[in-house]
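The structure under discussion appears below in the form of structure tokens.
Nothing in this text is a laboratory measurement; each read-out follows from the coordinates by a stated rule. For clarity, every value in this text was computed on a predicted model and none was experimentally measured.
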Amino acid sequence: MKRFFYSAASVAALVVASVGAQATTFTGSYTVNADANENGGLGIQTANLFDLVAGFDLTSAAPSKTVDLFRIWTNEGAINADDFNARDISVDFAFTLPSAANGSIPGQTVGDADWFFGWVNESGVLTWSDSKVFSFANGTQLQVELQDATFNWGLIDLREGYKHGANVKATFTLLPAVPEPATWAMMVVGFGLAGGILRSRKRTIVSFA
């Protein structure tokens, strides 16, 4: 009976372990929406850096991956009065694996100027509102978090152009999955067998006491 108890417990443990041990592949595409117009705010340029079409894998053992998602910069050479007006920016994600899932992460860009050891320094500033969790058909959940950035920083004036821009990082984190119905059933059977055998063993011990 002891051997059977261990077998049932092992089945339950293996089922639980298999839920998180498998690699999950994520693929898709993304689009950065920013305003390049220099009238009414700081003109922004972006260029994608990460190949989401090729995708990446995450597991419970390595649940997180940080990448350079895109580069941001301005071609303006100085902060003007209208550059202090915040402008909307967003990244739209369209995942294709492990299933279709779409969503957007919004943020803002704005020009900034402050004192630096007696000198005025200027820069562009990018901030994001929050991270986003994408839910997939198989119960997988992926959190995407974008990093704030300061770009084209310069003393007195901006240092314009791609060279003085900044890479915006994204962190993809695999969250604990919601088990599928079949997996739940296997787990219930495994734990039920283990629990039933344990109760039976206790009754046997009491009856011979």
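A few comments on the model shown:
- Fraction of the pair-distance distribution of region 22-178 above 26 Å, Cα-Cα pairs, percent: 34
- Once backbone amide H atoms are built at 1.01 Å from N, residue 77 has no partners under 5 Å, excluding neighbours fewer than 5 places away on the same chain.
- In order along region 86-102, the Karplus-derived 3J(HN,Hα) couplings, from 6.51 cos²θ - 1.76 cosθ + 1.60 at θ = phi - 60°, round to 5, 10, 6, 9, 8, 10, 9, 9, 10, 7, 10, 10, x, 7, 5, 7, 10 Hz, and Gly and Pro are given as x.
- Normalising the average separation of contacting C-alpha pairs (under 8 angstrom, six or more residues apart) by the number of residues puts the relative contact order of region 22-178 at 26 percent.
- Phi-derived couplings, Karplus 6.51 cos²θ - 1.76 cosθ + 1.60 at θ = phi - 60°, listed residue by residue for region 129-141: 6, 5, 7, 9, 10, 9, 10, 10, 4, 8, x, 5, 10 Hz, with x used for Gly and Pro.
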